[in-house]
Amino acid sequence: MGADGDGVATLPDGGSLYVPDALPGELVQPGALTRRGEGWTADAVVLEPSPDRITPPCPHFGPCGGCTLQHWRDSAYAEWKAGQVVDALRRMDVAIDAPVLARSPPASRRRMDLAIRRDGPA
């Protein structure tokens, strides 16, 4: 998964293809490619869905674009998000085993603010 919640595939030339709404392990048929930064993006048809794909709880999921991963089972999403938090903290030299994630009910804000204190010499 990309940082923005897009599925990511590796192209034959080693480049990246970002596929909105694609989940890990899905087989998709991409449409026309469009340049996106260093990679490419394409809308796609899901040929073989992930077992973690669910019906989004919000009826506005597709057109709205506000909550990009509502179609991903909560447990799989939480595992991915925990990895994102750990990776971000490691890039700042903050060691953490596993973050404790609070669940947010549907139609609520999903945001985390962290305060980090460094003990000892910098």
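The values are calculated or read from the model by the stated rules, or taken from the named source; none is laboratory data. The shown structure was predicted, so the numbers you read here are calculated from the model rather than taken from an experiment. Here Cβ is always computed from backbone atoms with ideal geometry, including for glycine, and neighbour counts include all displayed protein chains.
Things worth noting here:
- Residue, surrounded by the fewest Cβ atoms within 10 Å (Cβ to Cβ), within the stretch 82-103, restricted to residues that are in a loop (DSSP other than H, G, I, E, B) and acidic (Asp, Glu): ASP97
- Of all residues in the stretch 46-81, those satisfying the criterion of being part of a helix (DSSP H, G or I), among the hydrophobic types (A, V, I, L, M, F, W, C) and modelled with pLDDT of 85 or more are ALA76, ALA78, TRP80.
- Of all residues making up the stretch 44-67, the number that are crowded, with 16+ Cβ neighbours inside 10 Å, farther than 17 Å from PRO105 by Cβ and out of contact with any Gly (no Cβ under 7 Å at 6 or more places or on another chain): 3
- Condition met for GLN70 (out of contact with any Phe, Trp or Tyr (no Cβ under 9 Å at 6 or more places or on another chain), closer than 18 Å to GLY7 by Cβ and surrounded by 11 or more Cβ atoms within 10 Å (Cβ to Cβ)): no
- The set of residues in the stretch 1-19 being closer than 19 Å to HIS71 by Cβ, in a loop (DSSP other than H, G, I, E, B) and either more than 10 Å from the chain's Cα centre (by Cα) or charged (D, E, K, R) (or both) consists of ASP4, ASP6.
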